[in-house]
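Student: Provided herewith is a single structure, encoded as structure tokens, for subsequent inquiry.
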Amino acid sequence: MSTIAEPRAPRTAVRRSGPNLEKWGWIYMRASGVLLVVLIFGHLFVNLMIGDGIHALDFAFVAGKFASPFWQWWDVLMLWLALIHGANGMRTIVNDYVTHESTRRVLVWALWLAAAFLILLGTLVVFTFDPCIPNLSDGSVLAEFCSAQG
Ligand code: HEM
């Protein structure tokens, strides 16, 4: 059985010296939460409310957004903040509920690995996205745009 330290126990009794990562994790959850409210609601408002709203959502809409560095950075920031926030939140839950030490370690490692993989993949997609599929000639606005690009 594991024992939870008393809330007011002296810090030296429960943690090693060095930076207090748990404290920074706690601060990160609050700071990223505030930024995520702005980023997520901005994202939902722009994609679903303005103009034709949800009816305007298609491949060309996404291609248009990814053509702008502003939206690329908006989306990448949302991706990084949410994945680190989500993984750190799940780490807290795992630490709270998984009492078997090696299972807990494996799960926390798996969380950070999954988050790192998705961050890498998402960042690559956002910054290398190219909407012009070779031989696109379906008469769409996108096809016209791509043939004009040469
Ligand atoms: C809308 C913006 C968001 C805000 C304001 C927010 C805020 C917070 C805060 C303050 C905590 C810490 C709670 C605590 O320590 O007791 C937290 C925990 C957590 N958040 Fe978020 N969050 C947001 C979005 C997200 C997203 C997008 C995800 C998933 C990717 C997520 C997943 C989690 C998880 C798994 C926890 C841990 C829950 C727990 O400890 O019981 N959150 N959130």
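Student: Sorting check: for 64-73, 95-104, 79-88, which peptide has the highest mean count of neighbouring beta carbons within 10 Å, and how do the rest follow?
Tutor: With the highest mean Cβ count within 10 Å placed first, the list reads 79-88, 64-73, 95-104.
Student: Another question, if that's okay. May I ask you to list, by number, the DSSP H helices of the chain whose Cα span along the axis is at least 18 Å and whose average Kyte-Doolittle hydropathy reaches 0.5 or more?
Tutor: Within the chain the helices that satisfy the rule are 21-48, 101-128.
Student: Which of the listed residues, M49, W112, V94, is farthest toward the dipole's positive end in region 11-149, when Lys, Arg count +1 and Asp, Glu count -1 at the beta-carbon?
Tutor: Checking the options against the dipole of region 11-149, the answer is V94.
Student: Only counting other Cβ atoms within 10 Å, I'd like D75, D58, D52 sorted with the fewest neighbours first.
Tutor: Listed from fewest to most nearby Cβ atoms, that is D52, D58, D75.
Student: While we're looking at this one, here's another question. Taking the Cβ of Q72 as the center, what net charge do the other residues with Cβ under 15 Å away carry, scoring Lys and Arg +1 and Asp and Glu -1?
Tutor: Net of charged neighbours comes to -1.
Student: Using just the helices of the chain, give the 222 nm mean residue ellipticity in deg cm²/dmol: DSSP H runs with n ≥ 4 each add -39,500 (n - 2.57), and the total is spread over all residues, rounded to 500.
Tutor: About -24000 deg cm²/dmol.
Student: Now a separate question. When the dipole is taken about the Cα centre of region 19-111, and only Lys, Arg (+1) and Asp, Glu (-1) are charged at their Cβ, what size is it in debye, to the nearest 20?
Tutor: 300
Values in this text are rule-based calculations from the coordinates and carry no lab data. Just so it is clear, the model here is predicted, and its values are computed rather than measured. Positions of Cβ are generated from backbone atoms using ideal geometry, with glycine treated the same way; all protein chains shown enter the neighbour counts.
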